[in-house]
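Trainee: Attaching a single structure in structure tokens format; questions to follow.
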Amino acid sequence: MSTASRPFPYKLVATDLDGTLLRSDDTVSARTREALAAATAAGAAHIVVTGRAVPWTRHILDDLGYEGLAVCGQGAQVYHAGEHRLLTSVTLDRQLAGLALAKIEAETGPLAIAASRDGLDGEVLVGTGYRVQEGPLPYVAFEDPSELWSAPLNKIYIQHPDLDDDELARVARQTVGSLVDVVMAGRGVVEILPLGLSKATGLSLAARRLKLRAADTIAFGDMPNDIPMFGWAAHGVAMANAHDELKAVAHEITASNDHDGIAVVLEQLLSG
């Protein structure tokens with residue numbers, strides 16, 4: 001009897017991308033691909049839920065042959081990969097974002113700033129001093145602050161020369177938490193989002209389109225921005241490489257992203 005024909009207890013498998021589905025070399029292992037294929041063959045839907053906006057996610061989905069729904073931009077975008085179109089998109093109020101940045105800088109001093117523009121082909125703008133992670137993801141440098149506000153945005157990224165990510169997120173949340181949401185989404189990645197937006201809100205919209213519920217869902221992640229998704233899903237699985245804040249609320253901890261942590265759990269569930 002093949003693993004694909006065994007009963008599978010969830011109708012929806014939600015996976016974060018960086019640090020979770022992707023290995024450190026930004027690839028998805030053959031073992032993980034096979035385990036996800038077996039889960040979908042057993043009747044489950046797979047939804048990628050990532051902080052990356054669509055332009056930084058689309059090439060990975062295409063490589064996977066992924067044709068379903070993806071939640072991108074930290075919940076801001078529900079994207080139909082098979083049809084290459086946005087189904088929903090939430091933007092950040094730019095006046096509110098400017099006020100939030102001013103208030104944070106009043107507490108911390110100058111920040112380095114980047115921003116993700118809305119849309120299927122929205123550019124990522126990177127300001128002076130912002131440390132961009134090495135890799136193939138495209139971005140556009142800017143110097144004139146007015147460029148930042150010239151088109152609709154999904155989110156703003158902030159960095160500080162001295163404060164670490166956790167401390168910067170804490171100070172920002174404490175300072176402007178009533179105006180915007182602030183999340184730590186990865187190393188060097190602290191984000192300002194529309195208030196109330198999270199991976200959970202985006203995932204719930206995508207699940208509703210598939211007529212699936214939180215009770216049907218197992219979710220995998222590695223960073224504090226995955227906490228709302230774990231709170232929404234029936235079962236949250238943190239990777240071994242996950243942030244301590246996520247591990248603290250996880251139902252289960254699996255192997256790391258480089259050791260097929262998603263596949264380890266799915267194979268166990270498929271084998272009954």
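Trainee: Can you pull the one-decimal nm distance between simple spin-label points at A106 and R85, each 7 Å off the Cα toward Cβ?
Mentor: 4.5 nm
Trainee: Given 10 Å bins starting at zero, what is the percent of C-alpha pairs of the stretch 119-196 in each, up to the one with the largest pair distance?
Mentor: 17, 47, 35, 2
Trainee: Let me ask another. Can you compute the helix-only [θ] at 222 nm over the chain? Use -39500 (n - 2.57) per DSSP H run of at least 4 residues, normalise by all residues, nearest 500 deg cm²/dmol. The partial results should precede the final answer.
Mentor: Details: 9 runs with 85 residues, N = 272.
Calculated from helices alone, the mean residue ellipticity at 222 nm is -9000 deg cm²/dmol.
Trainee: Taking one equal scatterer on every alpha-carbon of the stretch 192-234, how large is log10 of I(q)/I(0) by Debye at q = 0.19, 0.20, 0.21 1/Å?
Mentor: Those come out to -0.54, -0.60, -0.65, one per q.
Trainee: With angles folded into 0 to 90 degrees, how steeply does helix 261-270 sit against the dominant principal axis of the chain? Use alpha carbons for both and round to 10.
Mentor: Between helix and principal axis, roughly 30 degrees.
Trainee: Moving on to the next point. Could you work out the relative contact order of the chain, using alpha carbon pairs under 8 angstrom and six or more residues apart, expressed as a whole percent? Don't skip to the end; give the middle numbers.
Mentor: Values: 565 pairs, mean separation 59.5, N = 272.
In percent, rounded to a whole number, it is 22.
Trainee: Relative to the longest principal axis of the chain, what angle (0 to 90°, nearest 10) does the C-alpha long axis of helix 199-209 take?
Mentor: For helix 199-209, the angle is close to 50 degrees.
Trainee: Which of the lysines could a cross-linker span from K11 if the Cα-Cα distance has to be under 21 Å and same-chain partners fewer than 8 positions apart are dropped?
Mentor: Partners found: K199, K211.
Trainee: For the stretch 181-272, go through all pairs of different Cα atoms, get the mean of 1/r, take its inverse, and jot down that Kirkwood value in Å. Could the numbers behind the result be given before it?
Mentor: Numbers: mean 1/r = 0.0725 Å⁻¹.
Taking the inverse mean of 1/r over all distinct Cα pairs, the stretch 181-272 comes out at 13.8 Å.
Trainee: Would you mind checking the tilt of helix 54-64 against the longest principal axis of the Cα atoms of the chain, expressed as 0 to 90 degrees and rounded to 10?
Mentor: Its long axis makes an angle of about 20 degrees.
Trainee: Contour minus end-to-end for T128 and S178, with contour as 0.36 nm per residue of separation and end-to-end as the Cα-Cα distance?
Mentor: 15.2 nm is the gain from fully extending T128 to S178.
Trainee: How big is the convex hull of the Cα atoms of the stretch 114-153, per residue, in Å³?
Mentor: Values: hull volume 2.4 nm³, N = 40.
About 60 Å³ per residue, rounded to a whole number.
Trainee: I've got another one for you. May I ask for the Kirkwood hydrodynamic radius of the stretch 37-121, worked out over all distinct Cα pairs and given in angstroms to one decimal?
Mentor: Working: mean 1/r = 0.0679 Å⁻¹.
When all Cα pairs of the stretch 37-121 are included, the Kirkwood radius is 14.7 Å.
Trainee: If you plug each phi of the stretch 112-129 into the Karplus form 6.51 cos²θ - 1.76 cosθ + 1.60 with θ = phi - 60°, what whole-Hz ³J(HN,Hα) values come out, in order, with x for Gly and Pro?
Mentor: 8, 10, 9, 8, 10, 6, 6, x, 4, 10, x, 7, 9, 9, 10, x, 4, x
Trainee: Just want to confirm a number: the relative contact order over the stretch 142-195, from Cα pairs under 8 angstrom separated by 6+ residues, in percent. Provide the component values of the computation, followed by the final result.
Mentor: On the way: 59 pairs, mean separation 20.2, N = 54.
Over the stretch 142-195, the number comes to 37 percent.
Trainee: Enumerate the amide H contacts of V48 below 5 Å, restricted to partners 5 or more residues apart or on another chain; note that Pro and chain-start residues carry no placed amide H.
Mentor: Sorted by chain and number, the residues that satisfy this are T15, V71.
Trainee: Taking 8 Å as the Cα distance limit and 6 or more residues as the minimum spacing, I'd like the relative contact order of the stretch 180-240 as a percentage. Kindly include the intermediate steps, with their values, before the conclusion.
Mentor: On the way: 82 pairs, mean separation 18.9, N = 61.
Across the stretch 180-240, relative contact order equals 31 percent.
Trainee: How far apart, in nm, are the 7 Å Cα→Cβ label points at S146 and E67?
Mentor: So the two model labels end up 4.7 nm from each other.
Trainee: Sticking with this structure for a sec: Within the chain, which is the longest segment containing none of the trypsin sites (Lys or Arg not before Pro) that sit in a DSSP loop and have at most 15 other Cβ atoms within 10 Å? Working shown, then result.
Mentor: Numbers: sites that count: R131, R187, K211, R213.
After excluding every exposed loop site, the longest remaining stretch is 1-130.
Trainee: According to the Cα gyration tensor, what semi-axes, each the square root of 5 times an eigenvalue, does the equivalent ellipsoid of the stretch 104-254 have, listed from largest to smallest in whole Å? All intermediate terms of the calculation are to be shown ahead of the outcome.
Mentor: On the way: eigenvalues 160, 70, 43 Å².
Whole-Å semi-axes of the equivalent ellipsoid: 28, 19, 15.
Trainee: Percent of Cα-Cα pairs per 5 Å bin, from 0 to the last occupied bin, for the stretch 154-223, please list those.
Mentor: 3, 15, 22, 19, 15, 12, 8, 3, 1, 0
Trainee: Taking Rh as the Kirkwood radius computed over C-alpha pairs, what is the Stokes-Einstein D of the chain at 4 °C in a medium of viscosity 1.567 mPa s, expressed in µm² per second?
Mentor: Working: Rh = 18.8 Å.
In µm²/s, the coefficient is 69.
Trainee: Given R₀ = 22 Å, what would the calculated FRET efficiency be for T27 paired with Y139, taking r from the Cβ atoms and rounding to 0.05?
Mentor: Numbers: r = 21 Å, r/R0 = 0.97.
Between T27 and Y139 the formula returns 0.55.
FYI, it's all coordinate maths here, none of it is from the lab. Quick caveat: nothing in here was measured; it's all calculated off a predicted structure. Positions of Cβ are backbone-derived with ideal geometry, glycine not excepted, and every protein chain shown enters the neighbour counts.
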